Amino acid sequence: MNLAESLLYALKEHGVKEIFGLPGDFALPFFKVIEESNILPCYTLSHEPAVGFAADAAARYNTKPSVAAVTYGAGAFNMVNPIAAAYAEKSPVVVISGGPGLADRNTGLLIHHQAKRLKSQLAMYREVTCDQAILDDPAVAPQQIARVLRACIDESRPVYIEIPRDQVFVEADPVVPLAPAKTDKDALDACVDEILDRLSSALSPVLVVGIEVRRYGIEDAVAELAGKLGVPVVTTFMGRGLLATSDVPFQGTYLGVAGDPAITRLVEKSDALMLLGVITSDSNFGVSEREINLKSSILACDGSVSMGYHVYPEIPIADLVRTLNDRTKRKDAVPRVEQKYPHGLAADNAAIQPIDIAKGVNDLFVANETMPVSADMGDCLFTAMDFINTQLVAPGYYATMGFGVPAGLGLQAASGRRTLIVVGDGAFQMTGWELLNCGRYGWDPIVLVFNNSSWEMLRVFQPESKFNDLDTLCFADIAGNLGGDGYRANTRAELQTALAQAAATRGRFQLVEIMLARGAISPTLRNFVNGLQRMRENHGG
């Protein structure tokens, strides 16, 4: 087989189910092999950032790597931001870039798309990936591929592979996957002993689950553990949507001052807070009503476990949860709190508020079925905190705009299910045009555009700035030109009608443009911003 085929088969063996890409001249040979080999399906999009976001969402859903394939220079540099987001939020994306051929490097001429040096691109991606390889020697390429893909899975972070265009068709051996590193059993047992001792002696233990629980595909195992421990369970802001279908003592999502006061008290007064797969970011804990002492907490994340000054390195979270399950006897379960979500959208002529959108979506979910949700950054994400708990992908920590629409397409490609996309008008202007690709692949998401002609989340932080004002576009009219159907809702009655029509129409994407007044934001966003501002004031920033 040739080198490209060896790579593609290795990707498939490591769990990759799809490729998202955008061809370019240095990548044309590789895309030829993708197309003609049919080893993996490939979905081409219109702009490299969308390719990265789509692959990120697919990886999150599959809990396996997904591929973002682009060309050298102009393509790969254009995708740095989405891969930085995937790195920050621990999503296993495999970046594959075409590259200049070995013969190209010996002409004495600068190569088009070259920035500073031929390896400037590699140097850039070293900052946002956990392992890298340039496949310029077919004799060692299989070993390089095996190493890089093992790192992608073990660390649940992006990796980078560059394949020179004149190496695509050279003969290469199959890739032999590397076995996972073995965990030190004695260290693992000691770690579990200490965790169980702390939990058993605590008066108010709480289990806080974060994104690694999803990334490593251990939701079911964590649900089993929660049931055995008999302790209250909450998710972080980033972990919203976890355990959505599990029967565990779930209390809700911890949002500090922006959320349910009962959950805030539960978490912040716990004397044994077990943070499982949680990123200790400001978006998760920057709005805490009272400062959480992470030194006294049990933190299992990034392949290690820390409890105060005791640190257990190289303890994979999957092994930790499995051993805790083996060692824990079931206790009396804490009652699951029945989640109360806003519902009952009023069909009147009142102006729409963000909370009305949540009510309309929840009514839709109850009348039909829940849908996986892709949310962009902004009040659309904070409004989604009031949706019935369902699978959710969103840039909750990295907070990049432009994620929502392409991630929603990646989510539908990966799940095979219709997806709900929530996005603001500012972010839609960045990547919303990717909806034109829906027709080619049979995707039919429902897209809710929050249109307030504004970068409203920025306005909340800095209301005096006029640059937050955007031109008013009619996105409902644009939808038809992109191959879908559009509805514009100015009132709650129009929103209810539009949602019903969108839900009933399959085979084409449905875009509901929701007109909001500037300044109309969700209570969750208002409280979140106020909490962050207080945190900054307290820390002199």
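What follows draws every value from the coordinates through simple rules; no lab data is involved. Values in this document were obtained by computation on a predicted structure and should not be read as measured data. Cβ sites come from the backbone with ideal geometry, for glycine too, and all protein chains shown count toward neighbours.
Observations on the model:
- Counting other Cβ atoms within 10 Å as a rough exposure proxy, the listed residues Cys438, Cys152 run Cys438, Cys152 from fewest neighbours to most.
- Between Tyr341 and Thr107, the FRET efficiency from the beta-carbon distance, with R0 = 60 Å, is close to 0.45.
- Distance between the modelled labels on Asn530 and Ala244, one decimal in nanometres: 2.9 nm (7 Å Cα→Cβ projection).
- Amide H to amide H, with H built 1.01 Å from N, Ile315 comes under 5 Å of Ser304, Val305, counting only residues 5 or more places away or on other chains.
- CD proxy at 222 nm, helix term only [per DSSP H run n ≥ 4: -39500 (n - 2.57); per residue of the chain; nearest 500]: -11000 deg cm²/dmol
- Cα-Cα P(r), region 3-167, percent of pairs per 10 Å interval: 12, 45, 36, 6, 0
- Dipole check for region 185-327: with +1 at the C-beta of Lys and Arg, -1 at the C-beta of Asp and Glu, and the Cα centre as origin, the magnitude is about 280 Debye.
- Considering only Leu381, Asn284, Tyr309, and ranking their Cα positions along the charge dipole of region 271-394 that arises from unit charges at the beta-carbon of Lys, Arg, Asp and Glu, the one farthest toward the positive end is Tyr309.
- Residue order for Cys380, Cys191, Cys42, fewest other beta carbons within 10 angstrom first, comes to Cys42, Cys191, Cys380.
- Averaging the sequence gap over all C-alpha pairs within less than 8 Å and six or more residues apart, then dividing by the number of residues, gives region 3-167 a relative contact order of 26 percent.
- Reciprocal of mean inverse Cα separation for region 160-258 (Kirkwood radius, Å): 17.2 Å
- Along the chain, the longest continuous region that contains none of the chymotrypsin sites (Phe, Trp or Tyr not before Pro) in a DSSP loop with at most 15 other C-beta atoms within 10 Å is 310-541.
- Overall, region 354-527 carries a charge dipole of about 260 debye about its Cα centre when +1 sits on the Cβ of Lys and Arg and -1 on the Cβ of Asp and Glu, all other atoms neutral.
- The alpha carbon centroids of region 478-530 and region 143-196 are separated by 43 Å.
- Rounded to the nearest 20 debye, the dipole size of the chain about its Cα centre is 480 debye, using +1 on the Cβ of Lys and Arg and -1 on the Cβ of Asp and Glu.
- Evaluating 6.51 cos²θ - 1.76 cosθ + 1.60 at θ = phi - 60° for every residue in region 343-358, the Karplus couplings come out as 8, x, 5, 6, 8, 10, 9, 6, 5, 7, 10, x, 5, 5, 5, 4 Hz, glycine and proline recorded as x.
- On full extension, the segment bounded by Ser120 and Ala517 gains 138.4 nm, given 0.36 nm per residue less the C-alpha separation.
- Part-to-part distance (alpha-carbon centres) for region 443-474 and region 21-48, which is given in Å: 34 Å
- Residue (of Val267, Gly396, Thr370) at the positive-pole extreme of the chain, dipole from beta-carbon charges: Val267
- Farthest toward positive dipole pole in the chain [+1 Lys/Arg, -1 Asp/Glu at C-beta], among Cys474, Asn325, Ala57: Asn325
- Long pairs among Lys64/Lys329; Lys90/Lys182; Lys64/Lys340; Lys12/Lys32, criterion Cα-Cα beyond 26 Å: Lys64/Lys329; Lys64/Lys340
- Those GluC sites (Glu not before Pro) in region 448-521 that DSSP places in a loop and that have at most 10 other beta carbons within 10 Å: Glu464
- Overall form of region 4-84 per C-alpha gyration tensor (a/c, 1.5; a/b vs b/c): oblate
- J(HN,Hα) series, region 503-510, from Karplus relation 6.51 cos²θ - 1.76 cosθ + 1.60, nearest Hz, glycine and proline x: 5, 7, 9, 10, x, 9, 5, 10
- Sorting Ser306, Ser91 by the number of Cβ atoms found within 10 Å of their own Cβ, with the fewest placed first, yields Ser306, Ser91.
- Dimensions of region 348-494 from C-alpha coordinates, computed as largest minus smallest value along each principal axis and given longest first, are 44, 33, 31 Å.
- Taken over the alpha carbons of the chain as equal point scatterers, the Debye sum produces base-10 log I(q)/I(0) values at 0.05, 0.08, 0.11, 0.12 Å⁻¹ of -0.21, -0.54, -1.01, -1.17.
- In a DSSP loop and with at most 11 other Cβ atoms within 10 Å, the trypsin sites (Lys or Arg not before Pro) in region 19-123 are Lys116, Arg117.
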